[in-house]
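A short write-up of the structure that comes next.
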Amino acid sequence: MSALYSLLTVLVLILLAYFGVAAAHLGVLFGTVIPFAAIAVFLAGLAYRVVKWANTPVPFRIPSTCGQQKSLPWIKQGRLESPSSTLGVMGRMALEVLLFRSLFRNTKAELRDGPRLVYGENKWLWLGALAFHWTFLVIFLRHLRFFMEPVPRLVNLLADVDGFFQVGAPVLYVTDLVILAALLYLLFRRLRDPQIRYLSLFTDYFALFLLLGLAGSGVLMRYFTRADIVAIKELAIGLVTFSPVIPKEVGPLFFVHLFLLCVLLAYFPFSKLMHAPGVFLSPTRNLANNNRMKRHVNPWDYPVKVHTYAEWEEEFHDKIKAAGLPLDRE
Amino acid sequence: MRDRGLIFTGLVLFLGLITFPVWYNLASGTSSKPPELKLPTTEKQCVAPTETMRMSHMEMLITWRDQVVRQNDRTYVAADGKRYDMSLTNTCLKCHDNKAEFCDKCHDYAGVKPYCWDCHIDPKLVQRSKG
Ligand code: HEM
């Protein structure tokens, strides 16, 4: 049900942008006002949440790691799983951020005949997530050709490598195939398995459908309906130089593409998508496991006033003695 | 841990990177004006309506290539009944004789590098190298 609702929501958003421009001629709203507002919400919201996280006390190490911590010299330490130095932590963070190492550990549990519970590897989620995120990055970087003039050489190089197979014209980008396949797999993964379907919420599907709509409309524009790239670049440059223009050649499908992105941007700081900055601030990943090497004193400890037993005994010494009770110190 | 300095550095770095196009365009003095193209002076009309050409000339070129190389069909009949030889160099570049100021200029702006010229020639360059 939640899958259906989020699909419907995204469809409504698509229709809104399409007919908002095609029928109601709200080009300025969808091409200038909403993009600026969305970017402002994205930047301010993201900064706000990261600053809030930065102000949350994390006084102690949380070594919930999967490796042997550094101890006696003859016990082999898991240097990347349970690092005790800053360098080790950097290695663990790099593996996590660039290669999604913790997803690589994903397992599945199955009830077989018997009944017997068996565990096995499941690398598909890792592969799908990795494929999606890396192609998203490449597509994002390639899109800089619309926002930068002159186009940086690195962006052109990326497009060349991406179009390596030189299929058709405009040349087919491998990342376009991969991102659609990866997103469809990630969606299929939630829908196929009853347990995962039960756990999935509206927000889980919403991000997927938004991204599918975004990539889908882009692919449609590039390979099927075609778009006036020169006019679109005029609009894009107008946005980043703060002198917005809406050329009349820009088609409504482009506004759908842009509007879905704006929704994604504005939604980002309030959603699970904040896992992107969040991964950098995960205490179980970014703190060295050196509890046994260093004493960590909580810097936020409130100086509590204490009254020890010895002091108490001192205070009531005479009374205790008079009552004939035993005393620690005579 | 007291890692606030590190976190704020990361945040500022991210904000700087994500707004990079703004600084880049500011530094190179970019305006939103698209490039001025040198249009043919002798002819008035392209092989298809200008709008179609702007958006879909690459699709047309690939269709032409397939027609020539696979069907041995070299004539293109335009919407207005005019006949053209389906040829990249002999047709497109006959009217658009200044490739550098037309095709290349627009492609540089749009960030596309067609690989066609690995094999196909720009007659102007050939003339120049002949002396
Ligand atoms: C990060 C968010 C975005 C994603 C994931 C995305 C995704 C895509 C994809 C997958 C394509 C297919 C072609 C290709 O890979 O180049 C595409 C095409 C396109 N996108 Fe985006 N896009 C995004 C943001 C934008 C923005 C902000 C603009 C505004 C200028 C834009 C304008 C276009 C245009 C004009 C095309 C057609 C390109 C062509 O015909 O070669 N996109 N987009």
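Every read-out reported here was derived from the displayed coordinates using simple, explicitly stated rules and does not represent laboratory data. Because the structure is predicted, anything quoted here is derived from the model rather than measured. We place every Cβ from the backbone using ideal geometry, glycine too, and count neighbours over all the protein chains shown.
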* **Residue-averaged beta-carbon neighbours from other chains (10 angstrom radius) around A:48-57** => 2
* Across 5 Å bins from the origin, how do the percents of Cα pairs in the range A:1-137 run, short distances first? -> 2, 7, 8, 9, 12, 15, 13, 10, 9, 7, 5, 3, 1, 1, 0
* To do: State log₁₀ I(q)/I(0) for chain B at q = 0.09, 0.17, 0.20 Å⁻¹ as given by the Debye formula over alpha-carbon point scatterers of equal weight, solvent excluded.
  => -0.44, -1.02, -1.28
* Span-like helices, chain A: DSSP H, alpha-carbon axial extent 18 Å or more, mean Kyte-Doolittle 1.6 or greater, which ones? -> A:2-22, A:252-267
* Extension gain from A:Phe224 to A:His25, taking 0.36 nm per residue of separation minus the Cα-Cα distance -> 69.3 nm
* To do: Once you've got the GNM for chain A with C-alpha springs shorter than 10 Å, pick whichever of A:Gln166, A:Gln77, A:Gln195 has the biggest mean-square fluctuation.
  => A:Gln195
* Restraint check, A:Lys123/A:Lys294; B:Lys44/B:Lys113; A:Lys248/B:Lys99; A:Lys52/A:Lys294; B:Lys33/B:Lys124; B:Lys33/B:Lys82, Cα-Cα greater than 30 Å -> A:Lys123/A:Lys294; B:Lys33/B:Lys82
* How would you order B:16-22, B:62-68, A:54-60 from highest to lowest mean count of nearby Cβ atoms within 10 Å? -> B:62-68, B:16-22, A:54-60
* Structure fact -> Quarter of the surface of the C-alpha convex hull for the protein assembly as shown, i.e. direction-averaged projected area in nm², equals 40.2 nm²
* Angle between the Cα long axis of helix B:50-71 and the longest principal axis of chain B, 0 to 90 degrees, nearest 10? -> 60 degrees
* Asked: Simple spin-label model, 7 Å along Cα-to-Cβ: B:Tyr115 to A:Glu313 in nm?
  -> 8.8 nm
* **Shielding by partners - mean other protein chain Cβ count within 10 Å, residues of B:105-112** => 6
* Using a ≥ b ≥ c from the Cα gyration tensor of the range A:174-301 (square roots of the eigenvalues), is it rounded, prolate or oblate, where a/c under 1.5 gives rounded and otherwise the larger of a/b and b/c decides, a/b for prolate? -> oblate
* Diffusion coefficient, µm² s⁻¹, Stokes-Einstein with Kirkwood Rh over alpha-carbon pairs of the range A:80-140 at 37 °C and 0.692 mPa s -> 239 µm²/s
* At a Förster radius of 56 Å, what calculated FRET efficiency corresponds to the Cβ-Cβ distance of A:Thr284 and A:Phe165, to the nearest 0.05? -> 0.85
* Asked: Of chain A, which part is the longest with no trypsin sites (Lys or Arg not before Pro) in a loop (DSSP not H, G, I, E, B) and with at most 15 other C-beta atoms within 10 angstrom?
  -> A:124-247
* Multiply the residue gap between A:Leu11 and A:Arg292 by 0.36 nm, knock off their C-alpha separation, and tell me the result in nm, one decimal place. => 95.7 nm
